[in-house]
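Undergrad: Below is one structure. I have some questions about it.
The values are calculated or read from the model by the stated rules, or taken from the named source; none is laboratory data. The shown structure was predicted, so the numbers you read here are calculated from the model rather than taken from an experiment. Neighbour counts run over all protein chains shown; Cβ positions are idealised from the backbone, glycine included.
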């Protein structure tokens, strides 16, 4: 009877992936067959449920499919296809990174961003340098820096005799997560020990009588500081829409006039987030009457007196938001922080992921995990459905409640309030890759664990980089 329930789960999971398979978008909801009258166990055992092979054939996925459905109490495999086949996991990998970070750093771990004076404060003047020092907080935003500027003013600081510096050495600098991605996509951010606004700057344009006016700023709910670390020019061309060039510490962008329309805005990545944070803090400090010179990079970890400090939310909250919104920056920063806390000294995401692979094998039984990053953005990472289900089974107590709830749909794509199934899962998508894995509690309270991976790597490889 439990196999009947697992068949319904499998069919609904495959259906959810089919809906997004063509363009590789992340499925936000999971279709579920409409419950029939009567006892669920008796209903799901009816033979009129199509076998998964029929749905796969009808969907014409064109690539490879692997799945495993297991009993959440015993671990017994109820349904599977290609369970050991290595597949690109996409953002489903974040569930493993979450477990790795929580077990290593602890659920109450907080990132700290500090303002450090290298000398004493005399009559409101710092006798030395002032350093904005990060520890990798992936959620630091402009409003947080504004609070730190306010605290610095409350400490009586008006100016400094030395330099204003930023330190980002707590995590190794990574210009991008995946170099194969287009330059302009915000989901492929720079990784740094000092991050701000998910390492993105807001590009806004407005059409006027003389052409377009453009601005680049670090906007938040309360502030809108314009920045000079990123520059934009509107140019006459049909394509590409954007071009990017790094000019020293400045990001230089161009955009096609034909693509702009009357007005709008979008977030663009920043490739020196440490200096970006410093420039924004300088603007905020000036608003509080504190004069700071141009920001410079600190090469060594600063020593001195902490004048102001911002603490992030607890790691449990950070992880929950990461799994809900699938934030790549968060996955990479907490993964790197966990590897460093274990005594590793990774200089690349691949090296940190290799450390995580060993941990996954030793602690979650994932014998064949080959992650190359912590977010799943790279299509070079590989997990099997079998390993994924095994890991979810072992991590159930820690992970289950942090995964987002997935809304069941009926076969017509409508919300199904009568479904009665509680689903917590992580979705994943790249172009021509769709994945789904997590936990289900059936109407009678029986737990199931599942992983479904689909991918057409040949079609993915044919996509031009700019797309």
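Undergrad: Check the range 101-110 and report whether any residue there is in contact with a strand residue (DSSP E or B) (Cβ under 8 Å, 6 or more places away or on another chain), crowded, with 19+ Cβ neighbours inside 10 Å and touching a residue at least 60 places away in the same chain (Cβ under 8 Å).
TA: Restricting attention to the range 101-110, the residues satisfying the condition of being in contact with a strand residue (DSSP E or B) (Cβ under 8 Å, 6 or more places away or on another chain) are 110.
Add one more test, that the residue is crowded, with 19+ Cβ neighbours inside 10 Å, and what stays is none.
No - not one qualifying residue is present in the range 101-110.
Undergrad: Tell me the residue from 248, 264 that is out of contact with any strand residue (DSSP E or B) (no Cβ under 8 Å at 6 or more places or on another chain), modelled with pLDDT of 95 or more, exposed (fewer than 13 other Cβ atoms within 10 Å of the Cβ) and assigned by TED's automatic domain parsing to the domain that holds residue 142, please.
TA: Details: 264 fails: out of contact with any strand residue (DSSP E or B) (no Cβ under 8 Å at 6 or more places or on another chain).
That would be 248, the only listed residue that is out of contact with any strand residue (DSSP E or B) (no Cβ under 8 Å at 6 or more places or on another chain), modelled with pLDDT of 95 or more, exposed (fewer than 13 other Cβ atoms within 10 Å of the Cβ) and assigned by TED's automatic domain parsing to the domain that holds residue 142.
Undergrad: Among the strands (runs of 3 or more DSSP E) confined wholly to the range 61-132, which include 2 or more residues that are under 30 Å from residue 331 (Cα atoms) and not assigned by TED's automatic domain parsing to the domain that holds residue 442?
TA: Values: elements: 64-71, 77-81, 112-117.
In the range 61-132, 112-117 are the strands (runs of 3 or more DSSP E) which contain 2 or more residues that are under 30 Å from residue 331 (Cα atoms) and not assigned by TED's automatic domain parsing to the domain that holds residue 442.
Undergrad: Just to be sure I understand, how many residues within the range 270-306 are part of a strand (DSSP E or B) and under 27 Å from residue 186 (Cα atoms)? Give the derivation first.
TA: At the first step, the residues of the range 270-306 found to be part of a strand (DSSP E or B) are 291, 295-297, 305-306.
Narrowing the set further to residues that are under 27 Å from residue 186 (Cα atoms) leaves 295-297.
Matching residues across the range 270-306 total 3.
Residues checked against (1) buried (at least 17 other Cβ atoms within 10 Å of the Cβ); (2) over 22 Å from the mean Cα position of the chain (by Cα); (3) farther than 17 Å from residue 138 by Cα; (4) modelled with pLDDT under 95:
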residue	(1), (2), (3), (4)
288	no, yes, yes, no
291	no, yes, yes, no
296	no, yes, yes, no
317	no, no, no, no
326	yes, no, no, no
353	yes, no, yes, no
363	no, yes, yes, no
369	yes, no, yes, no
374	yes, no, no, no
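Undergrad: For residue 198, state whether it is surrounded by fewer than 19 Cβ atoms within 10 Å (Cβ to Cβ) and not assigned by TED's automatic domain parsing to the domain that holds residue 378. Before the answer, list the steps.
TA: On the way: surrounded by fewer than 19 Cβ atoms within 10 Å (Cβ to Cβ): no; not assigned by TED's automatic domain parsing to the domain that holds residue 378: yes.
The answer is no for residue 198.
Undergrad: Still on this model: Of the numbered conditions (1) touching a residue at least 40 places away in the same chain (Cβ under 8 Å); (2) over 19 Å from residue 367 (Cβ atoms), residue 85 satisfies every one except a single condition; which is it?
TA: (2)
Undergrad: I would also like to ask the following. Take the residues in the range 342-351 that are surrounded by fewer than 24 Cβ atoms within 10 Å (Cβ to Cβ) and touching a residue at least 24 places away in the same chain (Cβ under 8 Å), then tell me which one is farthest from residue 455 (Cα to Cα).
TA: Within the range 342-351, the first condition is being surrounded by fewer than 24 Cβ atoms within 10 Å (Cβ to Cβ), and the residues that meet it are 342-348, 350-351.
Checking the rest, the ones that are also touching a residue at least 24 places away in the same chain (Cβ under 8 Å) come to 342, 346-348.
Details: 342: 33, 346: 30, 347: 30, 348: 26 Å.
My answer is 342.
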